[in-house]
1. Looking only at residues that are among the acidic types (Asp, Glu) and closer than 28 Å to Gln153 by Cα in the stretch 263-296, which one is surrounded by the fewest Cβ atoms within 10 Å (Cβ to Cβ)?
2. Identify the residue in the stretch 318-335 that is without any contact (Cβ under 8 Å) to a residue 24 or more places away in the chain and surrounded by 13 or more Cβ atoms within 10 Å (Cβ to Cβ) and, among all such residues, is nearest to Asp212 (Cα to Cα).
3. Among the candidates Asn306, Asn314, single out the residue that is surrounded by fewer than 13 Cβ atoms within 10 Å (Cβ to Cβ) and free of Cβ contacts under 8 Å to residues at least 40 places away in the same chain.
4. Of the residues that sit in the stretch 262-281 and are at pLDDT 95 or above and farther than 28 Å from Gly307 by Cβ, which one is nearest to the chain's Cα centre (by Cα)?
5. Please work out if Ile292 is outside any loop (DSSP other than H, G, I, E, B) and within 30 Å of Arg99 (Cα to Cα).
6. Only one residue in Gly109, Gly56 is surrounded by 13 or more Cβ atoms within 10 Å (Cβ to Cβ), modelled with pLDDT under 90 and over 13 Å from Cys185 (Cβ atoms). Which one?
7. Considering Tyr368, Tyr260, Tyr299, which residue is in a helix (DSSP H, G or I), touching a residue at least 60 places away in the same chain (Cβ under 8 Å) and surrounded by 15 or more Cβ atoms within 10 Å (Cβ to Cβ)?
Amino acid sequence: MEYREQKTSDGHHKDYDSALTVNPGIEQPPAVNDASLQRFLNRSRSALSLDDYTNGILHGNRTLLSKAITLVESSLPEHEKMAQDIIERCLPHAGKSLRIGITGVPGAGKSTFIEALGGYLTSVGRKLAVLAIDPSSERSKGSILGDKTRMEQLSSDPNAFIRPSPSSGSLGGVARKTRETVFLCEAAGFDTVFIETVGVGQSETAVHSMTDFFLLIQIAGAGDELQGIKRGIMEMADLIAVNKADGNNIEKARLAQAQYQSALRLFPKPASGWEPQATTCSSVTSEGVGKIWELILQYEQLTRNNGYFENRRNRQAQYWMNETIRNSLITHFYAHPSIEKLLPAYEEKVLSDRTSSFAAARALLEEYFSNGTSGK
């Protein structure tokens with residue numbers, strides 16, 4: 001555009017010349033429609049309301065469900081408040097799904113197995129939500145969140161919803177807000193929920209305490225199959241599936257199955273009345289995948305009939321109430337003005353061996369309680 005100052009017929013100065021300029025005497029039209037601009041500004045300034053979120057979730061709107069889950073995962077106070085309000089609204093519509101925890105050693109093919117079983121479930125009319133927990137880096141705190149890439153077919157299935165979430169360094173790689181996310185998915189109409197964890201570890205209790213059925217994925221041919229078995233994880237498992245039972249690995253998988261089955265008999269019978277089993281499957285050929293689902297349904301029917309299913313969910317609700325209180329107290333403690341002021345000095349004393357860790361902790365706790373817990 002060429003710069004040129006010129007005088008118009010009404011005596012005003014123009015600083016440039018443009019082919020888009022309307023001739024003198026004709027009113028210049030606005031560049032953007034005023035009504036459209038105002039609607040855009042109103043939409044930008046005001047966030048979605050509680051009713052928007054709730055109605056959208058209850059009608060199965062995937063976009064609003066994803067936005068609500070983002071609020072649940074956020075640590076901002078205003079987001080936490082909105083998230084809790086949404087959960088309260090959705091809670092009466094939740095609780096109707098079958099919650100299945102899936103864990104296993106790294107490389108066992110958990111994501112591939114979930115895609116195979118998930119595809120089977122959607123083909124028979126189930127609606128599936130997959131909450132895949134990705135490990136967060138201890139250094140960068142970043143996470144790849146690549147489960148949608150690994151589950152390419154399932155991610156495009158209209159009856160499936162995949163939500164990868166960073167573990168954020170929480171215990172066992174299970175995101176702290178996963179249980180609330182389960183409620184939202186159930187309210188959105190998903191009758192089956194998978195929770196895939198990072199891998200086998202001492203803290204898999206976290207996912208066990210928010211699911212109805214616990215599935216352990218293992219593989220054969222990776223050394224001594226029994227070497228990696230830990231009593232805790234074995235006692236939690238309702239079913240062990242030896243994956244990759246295909247090709248030349250079939251016999252090895254069957255041998256591993258027999259070893260796991262023998263190991264399961266060594267443990268006391270669980271309170272559910274269910275006899276934990278070991279089976280084989282192939283995520284590539286889908287061999288054995290249908291049988292695994294049949295076993296899960298048998299478990300559900302048995303535990304619903306004997307009352308264990310409902311009793312377990314009630315105990316889980318109590319557990320997570322206590323966990324929430326614990327986490328809230330820790331957060332409030334470190335956010336307290338007195339603690340924020342004194343903490344660096346006590347940390348320095350501990351590092352320089354001028355006081356013990358226990359004495360420092362006791363002094364900080366005394367300060368916290370003596371000055372009140374309101375944070376004022």
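1. From the stretch 263-296, those among the acidic types (Asp, Glu) are 275, 287, 294; that's our starting set.
Subsequent filtering for residues that are closer than 28 Å to Gln153 by Cα retains 287, 294.
On the way: Glu287: 15, Glu294: 9.
Within the stretch 263-296, the match that is surrounded by the fewest Cβ atoms within 10 Å (Cβ to Cβ) is Glu294.
2. Glu323
3. Asn314 is the lone residue from the list that is surrounded by fewer than 13 Cβ atoms within 10 Å (Cβ to Cβ) and free of Cβ contacts under 8 Å to residues at least 40 places away in the same chain.
4. Step by step, filter the stretch 262-281, then rank; the result is Cys281.
5. Against the criterion (outside any loop (DSSP other than H, G, I, E, B) and within 30 Å of Arg99 (Cα to Cα)), Ile292 qualifies.
6. Numbers: Gly56 fails: modelled with pLDDT under 90.
Answer to the check: Gly109.
7. Selected residue: Tyr299, the only one of Tyr368, Tyr260, Tyr299 that is in a helix (DSSP H, G or I), touching a residue at least 60 places away in the same chain (Cβ under 8 Å) and surrounded by 15 or more Cβ atoms within 10 Å (Cβ to Cβ).
The values are calculated or read from the model by the stated rules, or taken from the named source; none is laboratory data. Just so you know, these numbers come straight off a predicted model, no measurement behind them. So basically every Cβ, Gly included, is an ideal-geometry build from the backbone, and we count neighbours across all protein chains shown.
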